[in-house]
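A.B. asks: Following this message is one structure expressed as structure tokens.
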Amino acid sequence: MTPDLSDYVASRVALLNRVRLILRDTMKLQVEPEAIDPDAPLFGTGLGMDSVDAVELVVQLDAVFGLELIGSPYASTTIRTVNTIVDAIMEASGES
Amino acid sequence: MSRENEYRSVRHGAALSRMDHVGLLRLRGDDAIDAVDAVCSSDLWVRDGRMLQSLILDERGQPVADVYVCPDDEACILMVEGITTDEFAACLARHADPGLEIELEDLRPEHELLSLHGPYAWEVLSRWLTPDIIGLPYLSFYHFDRGICFRAGKTGEYGYDLVMRSEDAEDARRELLELVRSVGGAEVSLGTLDLCALENGFFSVRHGSVEGLTPLELQLQWRVSARKRFPGVAAIEERRAGGVSRRLTYFVARDEVKTGDLLRGPDAPVGEVMTAAFSPGVGGVVGTALLDISVAHPGIDEFFVPDRDSATAIRTVSSPLLLNRSLVVDPRRHTYATREDATHPPLWQGSLP
């Protein structure tokens with residue numbers, strides 16, 4: 001693995017694990033964080049989040065990562081999976 | 001009709017499809033849901049009138065069937081892909097308590113399944129059935145005079161499955177097709193629906209082999225109970241204890257990449273292509289690859305399919321790949337006729353390697 005790829009994966013994994021913990025706590029899931037798959041859908045099927053969970057998640061993402069999705073027309077397309085959230089955090093911080 | 005036109009129906013208008021490959025079953029009796037619980041891998045926390053996606057696994061923990069579980073009064077309707085009705089009955093006989101009071105009914109001889117997909121599928125159905133259909137929540141169903149309407153779908157667009165008596169199905173198909181054409185749509189093949197499912201990250205028993213794979217590698221842990229025993233659970237526990245070494249990851253490519261192609265990184269092999277298909281929406285190939293867990297992440301441009309003369313690069317991406325039009329079409333404000341008045345972002349916002 002090249003150093004650049006190694007660095008990228010390391011920061012991606014760190015964010016992935018932090019977002020998983022937020023999701024687990026927000027939804028009070030009784031699972032280990034690694035049981036939340038990065039591409040699992042958050043709404044409808046998958047984790048089965050509802051609009052109340054979504055509001056709480058958006059607030060948490062703002063508080064922890066400074067990801068400003070409150071009132072954003074892109075909120076529903078950003079929080080589709082853990083991976084799409086991590087993409088948005090990395091893009092906002094210029095890491096992608 | 002070309003794949004591209006079929007694709008356009010699903011992604012921009014409405015599409016009708018016969019779902020002859022889906023098994024339609026009804027379990028009757030007080031113990032119906034307990035019997036389904038014994039064979040499915042998920043916790044069946046689902047109310048009457050709602051649907052839940054689950055799996056049936058074999059003893060190795062590999063998915064053999066993709067199942068919608070739909071409790072309906074004192075029965076449970078099942079839509080099953082991947083195994084036959086006889087195989088499902090055998091699975092019940094092997095795993096459900098023989099003392100349970102159940103009666104398994106194959107709905108197929110007397111019923112057919114039609115499905116509608118697309119950002120304007122709701123408009124077709126509101127004209128054919130009732131305007132109230134736009135209020136039907138995702139993963140729920142209700143009975144109407146000619147059958148049952150399920151709000152489901154695996155394309156990322158508005159989707160509805162209609163289970164109807166066979167004597168009504170042909171007339172319904174003709175009427176629906178006329179309405180589908182009025183919103184720029186058409187009848188589409190299973191291949192097109194499978195492509196759309198792939199683009200949106202829906203599991204399909206037809207997306208490549210699952211040989212040696214469990215829900216842990218397939219990113220389907222949300223369909224696996226952490227509380228109950230079910231067929232294949234011992235294999236999953238063993239795999240989890242030993243550590244998962246590979247994970248399914250989505251990718252795009254500019255050039256042809258085929259199922260079974262081996263993938264390399266800068267200094268070592270990293271995995272294998274599980275399924276790949278050309279996507280008109282992306283303008284390139286979309287697919288899944290089984291990658292070493294250390295690099296099974298989106299946003300990586302360093303993997304390629306080696307060839308004698310050249311190398312085909314892939315880019316790993318997050319799922320779902322598309323910004324579906326159904327996310328921005330609001331049945332309370334939009335119609336197909338006024339679609340040009342609304343601004344729609346592009347379906348694909350990424351770029352190819």
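What follows draws every value from the coordinates through simple rules; no lab data is involved. This one's a predicted model, so the numbers in the text were calculated from it and none came from an experiment. Every residue, glycine among them, receives a Cβ derived from its backbone with ideal geometry; neighbour counts consider all protein chains shown.
A.B. asks: Pick from B:Gly212, B:Gly49, B:Gly287 the residue whose mean-square fluctuation is largest in a GNM of chain B, springs joining Cα atoms under 10 Å.
C.D. replies: Answer for the Gaussian network model of chain B: B:Gly212.
A.B. asks: Of all GluC sites (Glu not before Pro) in region B:232-276, which ones are in loop regions per DSSP and have a Cβ with at most 13 other Cβ atoms within 10 Å?
C.D. replies: Hits after loop and neighbour filter: B:Glu256.
A.B. asks: If you keep only loop residues by DSSP, which trypsin sites (Lys or Arg not before Pro) in region B:249-285 have at most 16 other Cβ atoms within 10 Å of their Cβ?
C.D. replies: Here the trypsin sites (Lys or Arg not before Pro) that fit, given the DSSP loop and packing criteria, are B:Arg254, B:Lys258.
A.B. asks: Next up: Identify the trypsin sites (Lys or Arg not before Pro) of region B:1-73 meeting these criteria: DSSP loop state and at most 15 other C-beta atoms within 10 Å of the C-beta.
C.D. replies: Numbers: sites: B:Arg3, B:Arg8, B:Arg11, B:Arg18, B:Arg26, B:Arg28, B:Arg47, B:Arg50, B:Arg60; in loops: B:Arg47, B:Arg60.
Passing sites in region B:1-73 are B:Arg47.
A.B. asks: Quick check: the distance between the Cα centres of region B:301-322 and region B:167-227, to the nearest angstrom?
C.D. replies: Their Cα centres are 25 Å away from one another.
A.B. asks: Mean-square fluctuation check for chain B, GNM, Cα pairs under 10 Å: which of B:Ala14, B:Ala241, B:Ala38 is largest?
C.D. replies: Comparing B:Ala14, B:Ala241, B:Ala38 in the GNM, the peak value goes to B:Ala241.
A.B. asks: Can you tell me how region B:45-123 classifies by the Cα gyration tensor, rounded, prolate or oblate, using a/c under 1.5 as the rounded cut?
C.D. replies: The shape class here is prolate.
A.B. asks: Right, another one. When a/c reaches 1.5 or more, the comparison of a/b and b/c decides; with that in mind, is chain B rounded, prolate or oblate per its Cα gyration tensor?
C.D. replies: Oblate.
A.B. asks: In Å and on Cα atoms, what radius of gyration and Dmax does chain A show?
C.D. replies: 13.2, 42
A.B. asks: Connecting C-alpha atoms closer than 10 Å in a GNM of chain B, tell me which of B:Leu129, B:Leu216, B:Leu55 has the biggest fluctuation.
C.D. replies: So, out of B:Leu129, B:Leu216, B:Leu55, the one fluctuating most is B:Leu129.
A.B. asks: What aspartates and glutamates could a cross-link reach from A:Lys28, if we take a straight Cα to Cα line under 20 Å and drop same-chain neighbours fewer than 8 places away?
C.D. replies: Answer for A:Lys28, where 20 Å is the Cα cut-off: A:Asp37, A:Asp39, A:Asp50, A:Asp53, A:Glu56, A:Asp62, B:Asp43, listed by chain and number.
A.B. asks: Another question, then. Take the alpha-carbon centre of region B:67-99, take the same for region B:231-278, and report the distance between them in whole Å.
C.D. replies: 30
A.B. asks: Could I ask something else about it? Roughly how compact is the protein assembly as shown, stated as its Cα Rg over 2.2 N^0.38 Å to two decimals?
C.D. replies: 0.97
A.B. asks: Shifting gears a bit: With an 8 Å cut-off on Cα pairs and a minimum separation of 6 or more residues, tell me the relative contact order of region A:29-96 in percent. Walk me through the numbers before you get to the answer.
C.D. replies: Details: 45 pairs, mean separation 21.0, N = 68.
It comes to 31 percent, rounded to a whole number.
A.B. asks: Please give the helix A:3-27 orientation as an angle from the longest Cα principal axis of chain A, in degrees from 0 to 90, rounded to the nearest 10.
C.D. replies: 20
A.B. asks: Moving on to the next point. So for region B:1-109, what are the equivalent ellipsoid semi-axes in whole Å, largest first, each being the square root of 5 times an eigenvalue of the Cα gyration tensor?
C.D. replies: On the way: eigenvalues 168, 49, 35 Å².
Those come to 29, 16, 13 Å.
A.B. asks: Could you pull the Rg and Dmax for region B:165-302, using just the Cα atoms, both in Å?
C.D. replies: Taking only Cα atoms of region B:165-302, I get Rg and Dmax of 19.2, 61 Å.
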